[in-house]
């Protein structure tokens, strides 16, 4: 069948797919555009739907929310640690801080993109290392 | 190979790889000159090595683009190339002109080269990336126009697809914006203003269209996803590229004497420039994830995915890092720019050319894909070159941050050369990462000769 004009390779083939895509999109928006605000919406969605949503959406909401939390902690805690250890007046503090922030942030964004693609394809995916374990019903 | 005339792409690809090797060797020479200032002096001064390094990059990428177009267009248009003989003649003209230019850079002082090549008739030389002598520049125009004639006529006589139209748009843009290299006004502000119309509107404008069309073509072939789906992604990418990239030129206008509003326009639009690269990465991974066939050429698919990720990191993330005017005030022209330049060029344009070569070369040699041994070697080369480039970028970024601090932020700023002394450690580390890159490139070339169990004939 010829795809419709608004087909970008994404159609809701599985229940909960749209919500899964929204979850991963909010994960990325939190990292790239509206930090904090997007997380609040994401966390709200997770709390609201964590019992009632289809398994696919539940998994993506959980992954996106908890990895946002862990990611935020990784960014803030280590960055604060670098600043506290080196002080703001030492040039190597800035070398470590900027490199650390750029690398960790980019890694989270790349993982977020991959999670978004998985959601668009109706597949569950666990973020490496900091992603929570997948539930049995996934 | 579906059309006999696609074979003209082969010499272009071979020349591209040869020139790529030259670029990397000169890169290593340059890297050593950063730490051993008189290395190979006076035979190859720093400014000459730099010019050869960057010019070879541009020329090998152009060879790759032309080879890719000659391979892709007959297949997209479902007809033989308008004139394969013209394509071959242009290959030799471009190769000889390019080689003579490099020999000229190395054999005589730049000022003498300018005198010998008639720069006094129309002064175009002496500007970064556009250092080519007047006859070379005229040669590029002639070759580009004849190449475009050949490609356009092929499209006109055959089937018109979105992918070939986007490629044509990119290639015509490339030729048109090169014409600004002939405009060299005495007023330095005007000079710089229009110089960017070639340099920026190439790499952050029309070249991205070439990248998008190559990527779309290879993804259609390797994943079997519907052309309609891929073409729609391509439309979105082209739109995002042009919306952000054209006014994004403003990030070069911050400090050259243009009105202050460019600091706003440049900052806002260039902050949006990562979006098309973001879309390209999602596009590539999405198509591969939804593939309907297992293409035997795994290496080509790896390059396709790699170019998305590395272009996003190099052009998108590292570009954004220093694109806002208040940040650029401190970072302008430091090693942070070099870090961005290295990863962006590799990720967006070197890798997309290697992807096209990886996909097309086995077919041009009479098989759908190379044997396992050859592909494993190629994948090793992919990882070695890509990881080496990540480290080159990280070391240059570290050098750049330190440079900014010591030379521009500090209450007691150091002179340029003193600051350079202080960041030598990172230059050494960059050099070793460069050696790893060269090893990756050697493996890449070795993969062409590895043989092994070739996949079925194409």
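Readers should treat all values here as calculations from the given coordinates under stated rules, not as data from a laboratory. Note that the structure is predicted; figures quoted are calculated from it, not measured. No Cβ is skipped: glycine too gets one built from the backbone with ideal geometry, and neighbour counts run over all protein chains shown.
In table form, for the structure just shown:
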item	result
Cα-only Debye scattering, chain B: base-10 log of I(q)/I(0) at q = 0.06, 0.08, 0.10, 0.12 Å⁻¹	-0.25, -0.45, -0.72, -1.08
Separation of alpha-carbon centers, the range B:95-115 and the range A:68-138, rounded to whole Å	49 Å
Additional length obtainable on full extension of the chain from residue B:410 to residue B:123, 0.36 nm per residue less Cα span	99.3 nm
Between helix A:17-32 and chain A: long-axis angle, C-alpha atoms, 0 to 90°, nearest 10	20 degrees
Computed over the protein assembly as shown, Cα set: Rg, Dmax in Å	24.5, 79
Global geometry of the range B:387-458, whether rounded, prolate or oblate, following the gyration tensor of its Cα atoms and the 1.5 cut on a/c	prolate
Shielding by other protein chains, B:390-400, mean Cβ within 10 Å	2
Anisotropy class of the range B:230-451 from Cα gyration tensor, a/c 1.5 cut	oblate
Helix B:84-107 axis, angle to chain B major axis (alpha carbon atoms, nearest 10°)	20 degrees
Segments B:158-165, B:43-50 sorted - mean Cβ within 10 Å per residue, highest first	B:158-165, B:43-50
Rel. contact order, % - alpha carbon contacts under 8 angstrom, at least six apart, the range B:349-458	50 percent
Residues B:432, B:202, sorted so that the one with the fewest Cβ neighbours within 10 Å comes first	B:432, B:202
222 nm mean residue ellipticity, helices alone, for chain B (DSSP H n ≥ 4; -39,500 (n - 2.57); rounded to 500)	-23500 deg cm²/dmol
Helix-only mean residue ellipticity at 222 nm for chain A, each DSSP H run of n ≥ 4 adding -39500 (n - 2.57), per residue, nearest 500	-23000 deg cm²/dmol
Fewest-first sequence of A:22, B:201 by Cβ atoms within 10 Å of each Cβ	A:22, B:201
Using alpha-carbon coordinates, inclination of helix B:207-223 to the longest axis of chain B, degrees	30 degrees
Peptides B:139-145, B:265-271 ordered by average Cβ neighbours within 10 Å, highest first	B:265-271, B:139-145
The range B:389-458 versus the range B:137-195: alpha-carbon centroid distance in Å	31 Å
Overall form of the range A:17-119 per C-alpha gyration tensor (a/c, 1.5; a/b vs b/c)	prolate
Relative contact order, percent, chain A [alpha-carbon distance under 8 Å, six or more residues apart]	33 percent
log10 of Debye I(q)/I(0), alpha-carbon scatterers only, for the range B:95-193 at 0.11 Å⁻¹	-0.43
Chain B: relative contact order as a whole-number percent, Cα under 8 Å and 6+ apart	14 percent
The range B:45-60 and the range B:235-256: distance between their alpha carbon centers, rounded to Å	26 Å
